[in-house]
């Protein structure tokens, strides 16, 4: 009984007819994963074969604990860049200490993710707004592209920011190796051409749109194999840098040796990598799940990604998360369940056992071309345009995060992005929308006087507050109330419509009590209408309702009828004696 509980739910209900789709999808995804794993390991400052290690067991870890049927977990460009950013100040890229740091970083990220999953902290995916994530990813993509221009042309460049890297690269361009630069540029052009035109071409030749798109995504593998063949045939390894020897065989499983000084310095980068990887992976999985009519479990996603990173660390890999490109190709390839990930892991094991020698002659400039073209697809120009048009605060947050990454580095950029997320939230809540409303003739509905033709009363003012009341916005609310009172000197009844107010904090309550007192001195009664139950319960635990000069009404229409009747009869209830209507 206990053993059956450890079996993933998808495996208990697995159908034999799914195996063909899962196998084809796994084969196609693996063909894409191999060159990406080599490239992203190089981007992280690690020996290329470590990327293959990071592409093996994480697939199994996610399949055991994750909730998406098609998410492909493994090395990705953004986390590779963040790994390099975290470790470069601490050790020399490619050194034993650097590799140990990458393993510790993966272990810490995995531990954070798995612990958060056990604690049910899936809501942490809301920590970063989507514009901030897009800004960070776009900035990181530009940084990746700038950083790979050097390897593409066979030159060395230095710098901690995109601007420094770009200036250093431009100064070294005259020293570029012609053979390396020519081969690298040719590979880049081929990859761009395949990305932009291969799918339409194959579709015109008679393939279905889905199959044409699927085959076009395999262009990186074709370019890699072509580059290897040409290098081997013409012995270009003597003219340009190549991957070199890749240790054959499966990785040894080892518990990471923690250098506590290094571990302490990597705690914050590991937490940032964990959170960003989770948010990005969840957004990818969620997009596919919506199209497939599936449900995701955010806590299971945390556990799945946590297990993937822990297993990556155990096998000598680096931090991993869900890949958009490989997940898309997995979906298009016909994957039906996480079994596709299990089969992909078996195929990666075969690559490590028997095919590592094939990639020793792969030029580094071709890896750089692969990284550049993959990173270019991450720059979200359409998102920038949309956010600036729809909501300038989102546009500012997205642009600020991107500039933070480019000007100050990866960690500073993500820190600035988190700060901008909270600043945007505070800015919005501190400026609540408040509308003067009146009744639509012939109905019981109250609408904004600026948007609808409505009836109003000269001595009764209805104000609708469209935001919860907090310490950060109550001053703005108070100022608006006073300005409307000055604009309507004949009013004797002020009704606050609180249908959109879900909470009133202590500071806001104190200010409302003061407003109630000030209005009483002006011979104006304060009323409330459409108050939510939980808000009314909290108000009932204070003296506010006892001191309220007016009443609490069930609806604005009832308030208008009662107050008109009171004004006509001039016999309203005594001040300080609120009644529920």
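Give the shape of region 367-436 as rounded, prolate or oblate, defined through the alpha-carbon gyration tensor: a ≥ b ≥ c are the square roots of its eigenvalues, a/c under 1.5 means rounded, and otherwise the shape is prolate if a/b is larger than b/c and oblate if not. Judged from the Cα gyration tensor, region 367-436 comes out oblate (a/c at least 1.5, b/c at or above a/b).
Test of understanding: ordering 260, 427 by Cβ neighbours within 10 Å, fewest first, what list do you get? Walk me through the intermediate numbers first.
Details: 260 7, 427 14.
With the fewest neighbours first, 260, 427 line up as 260, 427.
Packing-wise, with mean Cβ within 10 Å as the measure, how do 545-558, 8-21, 102-115, 289-302 rank, highest first? Don't skip to the end; give the middle numbers.
On the way: 545-558: 18.7, 8-21: 12.3, 102-115: 25.4, 289-302: 16.0.
Ranking, from highest mean packing down: 102-115, 545-558, 289-302, 8-21.
Among DSSP bridges having both ends in the chain, what percentage is antiparallel? Round to the nearest 5.
On the way: 12 of 26 bridges.
Antiparallel bridges make up about 45 percent of those DSSP assigns within the chain.
What separates the Cα centres of region 416-492 and region 23-46 is a distance of 54 Å. Computed from the C-beta positions of residue 260 and residue 9, the FRET efficiency with R₀ = 45 Å rounds to 0.70. Protection proxy ranking, highest mean first, for peptides 393-399, 158-164, 188-194: 393-399, 188-194, 158-164, where packing is the per-residue count of other beta-carbon atoms within 10 Å, averaged.
Approximating the spin labels as points 7 Å out from Cα along Cα→Cβ, the residue 444-to-residue 390 distance works out to 3.6 nm.
Can you sort 455, 490 from fewest to most other Cβ atoms within 10 Å of each residue's own Cβ?
On the way: 455 12, 490 9.
Going from least to most buried by this count: 490, 455.
Computed FRET efficiency, Cβ-Cβ of residue 542 and residue 455, R0 22 Å: what is it to the nearest 0.05? About 0.05, to the nearest 0.05. Compared with the direct C-alpha span, the chain from residue 245 to residue 412 gains 56.5 nm at full extension, assuming 0.36 nm per residue. Taking label positions 7 Å along the Cα-Cβ direction at both residue 96 and residue 484, the computed distance is 7.3 nm, reported to one decimal.
By its C-alpha gyration tensor, with a ≥ b ≥ c as the square roots of the eigenvalues, how is the chain shaped: rounded for a/c under 1.5, else prolate for a/b larger than b/c, else oblate? Kindly include the intermediate steps, with their values, before the conclusion.
On the way: a/c = 2.54, a/b = 2.30, b/c = 1.11.
The shape class here is prolate.
Of all DSSP beta bridges in region 434-569, what percent run antiparallel (nearest 5)? Here the antiparallel bridges make up roughly 40 percent for region 434-569.
Highest-first packing order for the peptide set 476-486, 204-214, 64-74 is 64-74, 476-486, 204-214, based on the mean count of other beta carbon atoms within 10 Å.
Could you tell me the relative contact order of the chain? Use alpha-carbon pairs under 8 Å, at least six residues apart, and round to a whole percent. Answer for the chain is 22 percent.
Can you give the FRET efficiency for residue 349 and residue 160, using 1/(1 + (r/R0)^6), R0 = 35 Å, r = Cβ-Cβ distance, to the nearest 0.05?
Efficiency for this residue pair is about 0.40.
The distance separating the Cα centre of region 517-569 from that of region 88-127 comes to 54 Å. Label separation (residue 426 vs residue 499): 3.2 nm, computed from points 7 Å beyond Cα along the C-beta direction. Apply the a/c threshold of 1.5 to the C-alpha gyration tensor of region 434-569 and tell me whether it is rounded, prolate or oblate. Taking the square roots of the gyration eigenvalues as a ≥ b ≥ c, region 434-569 is rounded.
With the contact rule set at Cα under 8 Å and sequence spacing of 6 or more, what percent relative contact order holds for region 453-581? Write out the running numbers ahead of the final one.
Details: 195 pairs, mean separation 30.7, N = 129.
For region 453-581, the relative contact order is 24 percent.
The stretch between residue 381 and residue 523 holds 45.5 nm of extra length on full extension. This uses 0.36 nm per residue minus the Cα-Cα distance.
Values in this text are rule-based calculations from the coordinates and carry no lab data. Every value quoted in this text rests on a predicted model; they were computed, and no experiment measured them. Reconstructed Cβ throughout: ideal geometry from the backbone, glycine too, with neighbour counts over all protein chains shown.
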